[in-house]
1. At 0.36 nm per residue, minus the direct Cα-Cα distance, what do residue 187 and residue 249 gain on full extension? Give it in nm, one decimal, please.
2. How would you rank 135, 209, 110, going from fewest to most other Cβ atoms within 10 Å of each one's own Cβ?
3. In what order do 132, 248, 117 fall by count of nearby beta-carbon atoms within 10 Å, going from fewest to most?
4. Could you calculate the FRET efficiency of residue 233 with residue 63 from 1/(1 + (r/R0)^6), where r is the beta carbon distance between them and R0 is 25 Å, rounded to 0.05?
5. Using 0.36 nm times the number of residues separating residue 128 and residue 80, minus their current alpha carbon distance, what extension gain do you get?
6. Within a 10 angstrom radius of the beta carbon, how do 200, 128 rank from fewest other beta carbons to most?
7. What FRET efficiency would be calculated for the residue pair residue 217, residue 101, taking the C-beta separation as r and a Förster radius of 45 Å, to the nearest 0.05?
8. Multiply the residue gap between residue 51 and residue 265 by 0.36 nm, knock off their C-alpha separation, and tell me the result in nm, one decimal place.
């Protein structure tokens, strides 16, 4: 079983210490108003799946511990928002099993599992935004979750160099792509295709929020090792169609070459 910083090997469940529901404790200069939720989150953290840890880490490091599903999907390089929803819901259910009740006292069966860990509402852009409960964020901090290598585009301060192309083996050889580099590329260039200009959200609506590929101008399979990636200089947002055309040639077409092909076809 994979473990993360602050996690212990899987063992028999250990219940958190009993704390009165109306009590409060101080944790690293933060007043924890719901100590049982704080303790239950620490306990549940030991048994979270890697996918659940990744999503919670991204929320923890986001500004105000708050982010939309679309942004989380882009940051983590996932293919669908449902993966984010599932991870938060599964983690919330694990905390609930230890806590034994909803943090707001909502009766069983009348709430969704994610509400154990976070509050949520729609933004002005119709994005659904989650915000970690303060007790949950404090517990994750104590567990050392922020020490993981993954960082969000919103996180400020001095940052270590981003690397691309770390070699790993699954069933076939693959090259890892850094999801933070992708997020920073999209933050700078936006979600319009650099070749044809299509923006999937503008064309298809909310369902296509965040749908865009990121093309590496330097081919990772040719480099064959880690290198420091510059999200602005090395990456470009491209739609799936244009991305496929880029890779019809070997070596791949350049952005400018595909733009020329598109202009030629439109002029025919």
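1. Values: separation 62, 0.36 × 62 = 22.32 nm, distance 2.86 nm.
That works out to 19.5 nm of additional length.
2. Values: 135 25, 209 20, 110 7.
Sorted ascending by nearby Cβ count, the order is 110, 209, 135.
3. Details: 132 23, 248 10, 117 29.
So the ranking, lowest neighbour count to highest, is 248, 132, 117.
4. Working: r = 25 Å, r/R0 = 1.02.
Once the sixth-power term is evaluated, E becomes 0.45.
5. That pair, residue 128 and residue 80, stretches by 15.8 nm at full extension.
6. Placing the least packed residue first, the sequence is 128, 200.
7. On the way: r = 53 Å, r/R0 = 1.17.
After rounding, the FRET efficiency stands at 0.30.
8. Extra length available between residue 51 and residue 265 comes to 72.7 nm.
Just so you know, all these numbers are worked out from the coordinates, no wet-lab data involved. The shown structure was predicted, so the numbers you read here are calculated from the model rather than taken from an experiment. Cβ coordinates were reconstructed from backbone atoms using ideal geometry, including for glycine residues, and neighbour counts include every protein chain displayed.
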